[in-house]
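Structure, as structure tokens:
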Amino acid sequence: MSRRKREQQSFKTDKAVADNIVESWLCIDCGVNTAPGLLSGPDLRLALALASDDDGVSQTFGGDTAEVYTVKSSLWAAAGMRAWNGCLCIGCLEKRLGRQLRPQDFDREDERAFARLPSTDRLLDRRGLCKMPFLTDEGEEREMVIDKRQTEEASQAWRTSALALRGRRAVSDTHQMKHALVCAGVLLFTTTLAGCVSSQRFAAPARQPQAVPQAVPQAPSGPFTREREDREFGQPLNGGEQ
Ligand SMILES: [Zn+2]
């Protein structure tokens with residue numbers, strides 16, 4: 001039987017009223033309200049009957065147990081469900097299936113109509129989505145729903161860049177070490193060279209003492225007198241007497 005025929009059959013046998021309104025949002029296994037704020041089928045029909053055509057019925061959807069979704073009909077059938085025979089929370093559906101849901105279990109309609117509605121974290125997780133906190137320009141803290149792959153890609157990109165940075169640091173350290181070794185080598189060579197020069201300088205033969213210039217006796221000049229004789233040859237032993 002085709003999907004369309006199964007849905008039509010369920011519509012005829014499982015719906016109390018032939019319209020497209022969900023009869024009850026309560027999980028048929030555990031009773032939790034999967035759509036807090038939304039009216040049940042009978043209440044919504046009554047509200048619609050009382051409202052004017054222009055106003056319609058306003059409903060506010062959201063809450064801690066909000067889990068409105070659609071999965072592929074084959075999976076829904078595998079859980080023993082029909083198109084219109086009730087709702088299941090994620091936990092009860094997974095219990096029936098015996099495994100956790102995966103992003104590919106949801107159908108296209110789910111992504112188009114329900115994926116951005118308020119939901120539990122576990123439903124977001126099964127869809128491959130997650131909440132990301134952010135600050136508005138006014139400094140207000142908000143949350144947005146993003147694809148988990150984006151955060152994983154961002155995280156992977158961060159890890160890759162961190163590893164690359166660490167690698168560059170390692171290369172830089174090696175380069176610096178090489179540079180330090182080269183510097184040390186140059187310093188050692190320079191020191192050794194300086195030592196050789198210094199040794200040579202200190203080992204160089206001592207400079208020959210320069211000959212001390214001897215006093216050259218002045219040639220006598222002028223007339224040779226008794227005073228000159230005494231000055232140049234000293235006092236005679238006999239006291240100068242002839
Ligand atoms: Zn349940």
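Taking only the C-alpha atoms of the stretch 36-78, the Rg (one decimal) and the largest Cα-Cα distance, Dmax (whole number), read 14.5, 42 Å.
Label-to-label distance for residue 16 and residue 159 is 5.3 nm, based on points extended 7 Å past Cα in the beta-carbon direction. Stretching residue 168 away from residue 150 to a fully extended chain increases their span by 3.9 nm, per 0.36 nm per residue minus the current alpha-carbon distance.
Here the stretch 3-127 yields Rg over Rh of 0.96, to two decimals, using C-alpha coordinates and the Kirkwood radius. Would you kindly give the portion of the calculated P(r) for the stretch 1-62 that falls above 16 Å, as a percent of all Cα pairs? Value for the stretch 1-62: 58 percent of Cα pairs lie more than 16 Å apart.
Between residue 5 and residue 50, the simple spin-label model (points 7 angstrom out along Cα→Cβ) gives 4.4 nm. Quick check for you: which residues of the stretch 37-55 have the amide N under 11 Å from the point 7 Å beyond the Cα of residue 117 toward its beta carbon? Under cut-off, by backbone N: 37-39. Among 17, 145, 71, sorting on how many other beta-carbon atoms sit within 10 Å of each Cβ, with the fewest leading, yields 17, 145, 71.
So if I take the centroid of the Cα atoms in the stretch 1-60 and the same for the stretch 132-161, what is the distance between those two points in Å? If we compute the Cα centre of each part, the gap is 36 Å.
Coordinate-derived values only; no laboratory data. Just so you know, these numbers come straight off a predicted model, no measurement behind them. Ideal geometry is used to build each Cβ from the backbone, glycine not excepted, and the neighbour counts take in all protein chains shown.
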